[in-house]
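What follows is a single structure, written as structure tokens, with notes after it.
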């Protein structure tokens, strides 16, 4: 007796033009919260190698397929990468990246409806030697109501910021 053949499951995403930036990844069907959507793949290189590869890159170009795994390793999805490299940044994301055993996975943090663009918060690290216009270079185009305006991690507030005087508590009529 022949076993019934299982139909291959429809992929849960597709790559197409994005209103956010360039190409994007869109849900082809409903993706439930907690689903691992895709692994971020590419060539594994050192930070020094990643820096050397893009040394001559225009400083005003924010396009990157580099993903930091740890202090020693970066994944360059520009080399042998997959569709995960097209998932755009969003300040109100529906996905998040997780690192497990040196591998990066993109997971749904809420249920995503068909046609909805997948996004996660890049939280690109700031460096002391960043150019003054770094926030403009990495400007966010997500359009979310909670958009912070940058794909970079939120700027840290100085610890020695002057404290504002506290107002006295308002009391009701006596």
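The numbers here are math on the coordinates, done by the rules we state, and not lab data. Model, not experiment: these values are computed from the prediction. Note: ideal-geometry Cβ built from the backbone for every residue, glycine included; neighbour counts use all protein chains shown.
Some points to look at:
- Modelled FRET efficiency - R0 45 Å, residue 52 with residue 116, Cβ distances, 0.05 increments: 0.75
- Put simply, when 21-33, 92-104 are sorted by average Cβ atoms within 10 angstrom per residue, most first, you get 21-33, 92-104.
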